[in-house]
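The values are calculated or read from the model by the stated rules, or taken from the named source; none is laboratory data. Since the model is a prediction, treat every value here as computed from it, not as a measurement. We place every Cβ from the backbone using ideal geometry, glycine too, and count neighbours over all the protein chains shown.
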């Protein structure tokens, strides 16, 4: 029986909308472990990785590599992502499947660094946003919008240094699905990078089945895939409990088919589910 380990990461430091730290508790309460057990997994809940409360952060680290306003709570986010990285590596080494429940999307800096520690991995990024800003381009200073850039090696040293220093991915290892809200700087960066992006228009025109099979073909050389699911990739009518909702997202059935085909590939061993904000969920 396959072992699947769950970790909660109640991180809300990578953005400013309160409530996303309640995501792990909400997902557990909804019965995630029981659902996974019915699928035949031996599920172990590893509890929550400790995250500092924003109210507890008093003295700023004057030695950090970028100003606070360009990367908010950088030392604290880095510390949590380092812990996430360590837990990910331990689960991979134990040949366990692993799911991390956020928390904001900055936790993927640690999860992807962990799964990429021993071998190259393909990343499927399901999100309304590309999260490819840097401290030099960010309009907000929120680190959850810098995760992909950091994983490509373009970010503060405190984050690019997690795990093996430097880039954890090359652009050809990344496929984005459902992107529909990009900053101007992100548009140009994606064009230059060569990252494969499937927009909602392409999903509408081609259908999700075709899109995800094209994504898998793009990543065919990688034996392991990591899935990073930001709930704002779904339409707000389906998943209203997110901090940065964008209309025109994935339907329930599109998201379900996406996950079914990914599961059928046999390559998915790790996943993070992020940006769940129960305070904003009115369903």
Within the range 39-51, does at least one residue satisfy the condition of being over 23 Å from residue 96 (Cα atoms) and out of contact with any helix residue (DSSP H, G or I) (no Cβ under 6 Å at 6 or more places or on another chain)? no
Would it be correct to say that residue 131 is assigned to a loop (DSSP other than H, G, I, E, B), buried (at least 23 other Cβ atoms within 10 Å of the Cβ) and at pLDDT 95 or above? yes
Which of the numbered conditions does residue 89 fail, given that it passes all the others? Conditions: (1) modelled with pLDDT of 95 or more; (2) outside any helix (DSSP H, G or I); (3) buried (at least 16 other Cβ atoms within 10 Å of the Cβ). (2)
Name the single residue that is nearest to residue 224 (Cα to Cα) among those in the range 140-157 being buried (at least 24 other Cβ atoms within 10 Å of the Cβ) and touching a helix residue (DSSP H, G or I) at 6+ places or on another chain (Cβ under 6 Å). 151
Go through the range 162-190 and give me each residue that's in a loop (DSSP other than H, G, I, E, B), surrounded by 15 or more Cβ atoms within 10 Å (Cβ to Cβ) and in contact (Cβ under 8 Å) with a residue 24 or more places away in the chain. 162, 163, 168, 169, 180, 181, 182, 183
Members of the range 92-111 that are in a helix (DSSP H, G or I) and out of contact with any strand residue (DSSP E or B) (no Cβ under 6 Å at 6 or more places or on another chain): 92, 93, 106, 109, 110
Taking the range 1-35, which residues are part of a strand (DSSP E or B) and either buried (at least 19 other Cβ atoms within 10 Å of the Cβ) or on the phi > 0 side of the Ramachandran plot (or both)? 4, 5, 6, 7, 8, 9
Would you mind finding the one in 270, 265 that is farther than 18 Å from residue 102 by Cα and modelled with pLDDT of 95 or more? 265
Selection status of residue 42, touching a strand residue (DSSP E or B) at 6+ places or on another chain (Cβ under 9 Å) and within 26 Å of residue 241 (Cα to Cα): no
